[in-house]
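Below is one structure; the comments refer to it alone.
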């Protein structure tokens, strides 16, 4: 578990405020090169410090999964990240932020999406939600980046969840298994506007997810445990006008690049709240 200790060391440096994603400090260079075939502790630290890192604070009062982000925990937890163009890393035409927290049994994710035309035609689970507006979470709980879990929620609160096999580490050749369902998954959506009325102007939509940790790793989460993750949004204005947004940009016009996933740490501390006007700063992107 040495690498987990390195993650915790990086975490302590990265936190400008408890449970806020921040820009980690760069470690000093090692005084001598590492031995061949072995990665020194300093190099492991540097690699982790350069990656996207987000902290999920512990909460003793979980949010109510209703799509309304007025729960005390969501008021106390700062924004965990802002999604950007997945190819260029530039700000999106529409703003998308997310927050995370946990209670050891569930990982809670809340998305806030600016959107002037909220729509999705799909009504049944595991339909191709990615062909319209949708938010997504990819989770890889171990070092095997050829297998991970995908969760999608549409503005109609329709879910796609599945187990992904990705032997090449890119879009080509992935094998999604949509027959896998996450037992106990809860989601909710609130639209600020009129869903599927293409002629008017909407304000946006929010989505909440409660992802049971047990359906991912078969047990409760442990303090300091980390998962490789990424957070995404597809904003579909038309078939020819589609915006792909990511927390950790993949540098490709698609999402299935597990080498670009960041890390989510299950933090043992509760969110203390932040003074007005103080927010979170995204850490550096993962190295290619």
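Here are the numbers:
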quantity: Residue that is surrounded by the most Cβ atoms within 10 Å (Cβ to Cβ) [pool: residues in region 60-90 that are within 18 Å of the chain's Cα centre (by Cα) and without any contact (Cβ under 8 Å) to a residue 60 or more places away in the chain]; calculated: 74
quantity: Set 189, 134: member being surrounded by 14 or more Cβ atoms within 10 Å (Cβ to Cβ) and within 19 Å of residue 86 (Cα to Cα); calculated: 134
quantity: Residue list for region 256-269, filter: touching a helix residue (DSSP H, G or I) at 6+ places or on another chain (Cβ under 8 Å) and either over 12 Å from residue 222 (Cα atoms) or outside any strand (DSSP E or B) (or both); calculated: 263
quantity: Matching entry among 237, 284, 288, 197 (being part of a strand (DSSP E or B) and either at pLDDT below 95 or touching a helix residue (DSSP H, G or I) at 6+ places or on another chain (Cβ under 7 Å) (or both)); calculated: 237
quantity: Region 162-180, subset part of a loop (DSSP other than H, G, I, E, B) and under 19 Å from the mean Cα position of the chain (by Cα), residue nearest to residue 117 (Cα to Cα); calculated: 171
quantity: Residue 112 free of Cβ contacts under 8 Å to residues at least 60 places away in the same chain and on the phi < 0 side of the Ramachandran plot; calculated: no
quantity: Any hit, region 186-197, residues being touching a residue at least 24 places away in the same chain (Cβ under 8 Å) and closer than 21 Å to residue 218 by Cβ; calculated: yes
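The values are calculated or read from the model by the stated rules, or taken from the named source; none is laboratory data. Note that the structure is a prediction, hence the values are computed from the model and not measured. Note that we place each Cβ from the backbone using ideal geometry, even for glycine, and neighbour counts take in every protein chain shown.
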